[in-house]
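Structure, as structure tokens:
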Amino acid sequence: MQGIVTLTMNPAVDKSSSVQNVIPERKLRCGAPRYEPGGGGINVSRAIHRLGGESTAFYPAGGHLGEMLRSLLDREGIDHCPVTIGGLTRQNLTIYEECTGQQFRFGMPGPEVAEKEWDQLLENLLNHHPTPAYIVASGSLPSGIPKDFYARIAKSAKSLGAKMIVDTSGEAFSLAVREGVFLIKPNLRELEDLGDAGALKEESDQEALARQIIEKGRSEAVVISLGGAGALLVEKNGHQRLRAPTVPIRSKVGAGDSMVAGITLRLAQGHSLVEAVRFGVAAGAAAVMTPGTELCRKEDAESLYHKIAVEG
């Protein structure tokens, strides 16, 4: 298996609990809290581990929550390389309302990361030995980190011979794509932001914009996440639609990260791109079947993989 590293510039400790009813201006008695490592790339590494693979997670960590994040990753057996920062690692909160089955998710802003801190992380990542075959940059950028940060990594990845996979949004995403990467996984809204044609309601419009991105050399492959409908894979030589099977929905948290994990793991194992995306769709669907903030389960992903329909 080829090497994988993940990058998370805005990691978090994810705290979750449950309550019978969410009622304003009343003290609510919640259940025992659960703590998990969080943030885009960290969740990709965790999902890769759950699916039977290995990766190394790079991230900044600060304060007592940063120490907790390191400890949680150690507990899960995730290989990780943190860089200590002066700011406090953020904590997110998810509350499950028992009477309705609804989730209430509260995302906190990340700390400000100083230039010397993010520069050290970048240096550690690019000097990692052995050189990874795949670099997965996932999640938002906190304050203090330049918007072209992922673009800088994309440029360096080319010189290293590594393939960069990007799963983010906004200006950081568009700048990375402009630099040129191996694979992107936008949802429809994020894909629309890369074009100038507005809403992409028709499947032909989605494919056309993805093909423009490829023809301009901005990404070798585009995997458009379509939620419960699966995904559209567009590459130089064609396109395929991968239809996801219907599964019981318990929580959509972590589905996108699980999808990226499945794709990257299969690529690192030497599978074709279409088979990698097929497994990614299965891993994303498997995550939907798990409660709360739990990620995909290997047995679910492997079972669903054989039910994914691939249409040319």
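Checking the a/c ratio against 1.5 first, then a/b against b/c, what shape does the Cα gyration tensor give for the stretch 246-287? Prolate shape, in that a/c is at least 1.5 and a/b is the bigger ratio.
Ligands, DNA and RNA left out, the accessible area of the chain computed with a 1.4 Å probe is 46% carbon and sulfur. When Cα Rg over 2.2 N^0.38 Å is calculated directly from the model, which label among (i) 1.02; (ii) 1.33; (iii) 0.97 fits? Matching the structure shown: (iii).
Gain on full extension, evaluated as 0.36 nm per residue between LYS307 and LEU88 minus their Cα-Cα distance, stands at 74.5 nm. Taking all protein chains as shown and a probe of 1.4 angstrom, VAL310 keeps an accessible surface of around 70 Å². Highest mobility in the GNM of the chain, judged by mean-square fluctuation with C-alpha springs under 10 Å and restricted to LEU295, LEU28, LEU233, is found for LEU28. Shape verdict for the stretch 70-200, please, from the Cα gyration tensor: rounded (a/c under 1.5), prolate (a/b greater than b/c) or oblate. Judged from the Cα gyration tensor, the stretch 70-200 comes out oblate (a/c at least 1.5, b/c at or above a/b). Could you sort out which of LYS216/LYS252; LYS163/LYS236; LYS185/LYS298; LYS147/LYS298 sit more than 28 Å apart by Cα distance in this structure? The answer is LYS216/LYS252; LYS147/LYS298. Averaged over its residues, the stretch 144-262 has an accessible area of 46 Å² per residue, based on protein heavy atoms and a 1.4 Å probe.
Placing pseudo-labels 7 Å out from each Cα toward the beta carbon at HIS64 and MET1 gives an inter-label distance of 3.6 nm. The loop-placed GluC sites (Glu not before Pro) in the stretch 61-111, going by DSSP, that have at most 16 neighbouring Cβ atoms within 10 Å of their Cβ come out as GLU98. Of the GluC sites (Glu not before Pro) found in the stretch 113-149, not one falls in a DSSP loop while having at most 12 other beta-carbon atoms within 10 Å.
Treating r as the C-beta distance of GLU171 and SER71 and R0 as 45 Å, the FRET efficiency rounds to 0.85. Among the trypsin sites (Lys or Arg not before Pro) in the stretch 5-67, those located in a DSSP loop and surrounded by at most 15 other Cβ atoms within 10 Å of their own Cβ are ARG26, LYS27, ARG29. Looking at the chain, the DSSP beta bridges with both ends there are about 40 percent antiparallel. Accessible surface for the stretch 1-106, divided over its residues, is 46 Å² per residue with a 1.4 Å probe. The order of MET68, MET1 by accessible area, most exposed first and with a 1.4 Å probe, is MET1, MET68.
Can you classify the stretch 165-311 as rounded, prolate or oblate using the Cα gyration tensor, where a ≥ b ≥ c are the square roots of its eigenvalues, rounded means a/c under 1.5, and otherwise it's prolate if a/b beats b/c and oblate if not? Judged from the Cα gyration tensor, the stretch 165-311 comes out prolate (a/c at least 1.5, a/b above b/c).
Peptide packing for 146-154, 210-218, 35-43 was compared via the average number of neighbouring C-beta atoms within 10 Å per residue; ordered from the highest value, the list is 35-43, 146-154, 210-218.
The values are calculated or read from the model by the stated rules, or taken from the named source; none is laboratory data. Everything numeric in this text was worked out from a predicted model, so none of it was measured. As a convention, Cβ positions derive from the backbone with ideal geometry for all residues, glycine included, and neighbour counts pool all protein chains shown. To get the accessible areas, we keep the full protein, side chains included, count just its heavy atoms, and leave off ligands, DNA and RNA. Shrake-Rupley method; radii C 1.70, N 1.55, O 1.52, S 1.80 Å.
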